[in-house]
Amino acid sequence: MEIIGEIQSIIYQNEVNSYTIAEFETEEERTTVVGYLPFIHEGDSLKLIGKFVEHKDYGIQFKIDTFEKLMPKTAKAIEKYLANGNIKGIGEALAKRIVGKFGEETIYIFKHEPNRLAEIKGISESKAKEMSEEFIENWEVWQIVGFLERFGIGAENAKKVYNLLGVNAIEQIEKDPYILIDIARGVDFKQIDKMALDLGIAYDNEKRVKSGIKYGLIKGTNNGHSCILKENLIEFVISLLDVTTENIEDNLISLSTNNEIVIERRENEEYVYLYSYYSTEEEIAFRIKRLQNAKNMKKIAGIEKELKKVEKLSKIELSEKQKEAVKLINENNVVIITGGPGTGKTTIIKTIIDIYEAKGKKIVLAAPTRKSSKKND
């Protein structure tokens, strides 16, 4: 069912997921509403869709499934909306002066004649323009919020969608819902796909199949892979979209032609990259090769002798493999050392640091992933 009214007070709101308990007043009654209401303030006018349920401790409540923010209509509601912090620079006193002058025409003024806001003492022409722009942006964002909510896509994506697609965002999404894949990265593809199918897009639609392919590649990168074996990607997309291999092959060619993906042959197998990841790998390979071919400015003569000094001071005896790694680091500009937790990588790093510091070298450590492995007991 649907109820329309105004948030009178917020009893509780979770800062992380915006789960809210609030007092909500309609023309008929005041009731408690519960559900997810991100970016909602006291005084906001809403249309709520859901159902009444009975809580064992708190009695009858309206459980929200989806919601839509409505523009306030009465002068009192408009004043409350402006005063609750929706627009930077407008507090209770200024909201009262604005509505006192323009009454129920206030919203029209904000949207169509913002220069008239400068008639209010304390508002300059530049400030009036800023207030109008923020008012319109807030409203456009909320139109997007309401639209996305219908399809189970969280309001946290609405601002980003607005920034990238502008005032015609909803129209663009209705034409091609799959553009959300590139914008709302955290959104489940199946949500967007259901949205597209509900809007009438065919199963074998080119945009749907291309987006399914790109989603498969994105999913692979989330699991640490920069590319996916082509046959595995095709199998995944068939399972995801229920389309034919031929359909997928055709769209792989189209994506490759448009430089959205790269298909690379290695011996008898083909691997598929998102273009951005392929370009990144190329750049990394180029830089590593250039670094490796550069003059070794850090090489220390008599590394074995220096290594023995450090072992004696630290009272740690390195294994032959660890010693070999230290020598390789000394001889080469680029060395990759791999191994599971507890295999001695940290000891190698510490030894190298001790050797170079003893020679007055400056050491810089970096952990781009912000992660380190922990040895399992």
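The values are calculated or read from the model by the stated rules, or taken from the named source; none is laboratory data. These numbers were taken from a predicted model, which means no experiment stands behind them. Neighbour counts are summed over all protein chains in view; Cβ atoms, including those assigned to glycine, are modelled from backbone coordinates with ideal geometry.
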Residues satisfying the stated conditions in the stretch 310-330, i.e. at pLDDT 90 or above and within 20 Å of LYS362 (Cβ to Cβ): VAL326, ILE329, ASN330
Long-range neighbours under 6 Å by Cβ, at least six apart or interchain, first residue in contact (Cβ under 8 Å) with a residue 24 or more places away in the chain and closer than 19 Å to ILE173 by Cβ within the stretch 126-147, second crowded, with 16+ Cβ neighbours inside 10 Å and among the acidic types (Asp, Glu): GLY146/GLU68
Hits in the stretch 304-354 - residues which are surrounded by fewer than 18 Cβ atoms within 10 Å (Cβ to Cβ), part of a helix (DSSP H, G or I) and of a type in the set (Lys, Arg): LYS305, LYS308, LYS309, LYS312, LYS321, LYS327, LYS345, LYS350
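Given the criteria farther than 28 Å from SER226 by Cβ and among the β-branched types (Val, Ile, Thr), does THR347 qualify?
Working: farther than 28 Å from SER226 by Cβ: yes; among the β-branched types (Val, Ile, Thr): yes.
Yes.
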Tabulated pairs, the stretch 172-185, first modelled with pLDDT of 85 or more, second among the hydroxyl-bearing types (Ser, Thr, Tyr) and assigned to a helix (DSSP H, G or I), C-beta under 6 angstrom, 6+ apart or interchain: TYR178/SER211
Residue in the stretch 202-255 that is modelled with the lowest pLDDT, counting only those that are of a type in the set (Ser, Thr, Tyr), in a helix (DSSP H, G or I) and surrounded by fewer than 19 Cβ atoms within 10 Å (Cβ to Cβ): THR221
Boolean, ALA169 is in contact with a helix residue (DSSP H, G or I) (Cβ under 7 Å, 6 or more places away or on another chain), assigned to a helix (DSSP H, G or I), at pLDDT 80 or above and surrounded by 15 or more Cβ atoms within 10 Å (Cβ to Cβ): yes
Residues of the stretch 45-81 classified as touching a helix residue (DSSP H, G or I) at 6+ places or on another chain (Cβ under 8 Å) and acidic (Asp, Glu), total: 2
Residue in the stretch 102-124 that is over 30 Å from ILE173 (Cβ atoms), aromatic (Phe, Trp, Tyr) and modelled with pLDDT of 90 or more present: yes
The stretch 66-82, residues that are within 33 Å of the chain's Cα centre (by Cα) and modelled with pLDDT under 85: THR66, PHE67, GLU68, LYS69, LEU70, MET71, PRO72, LYS80, TYR81
Tally, over the stretch 69-104, of residues that are under 18 Å from GLU6 (Cα atoms), out of contact with any Ser or Thr (no Cβ under 8 Å at 6 or more places or on another chain), surrounded by 21 or more Cβ atoms within 10 Å (Cβ to Cβ) and β-branched (Val, Ile, Thr): 0
Test: residue in the stretch 145-152 that is closer than 19 Å to TYR81 by Cα, modelled with pLDDT under 90 and buried (at least 18 other Cβ atoms within 10 Å of the Cβ): yes
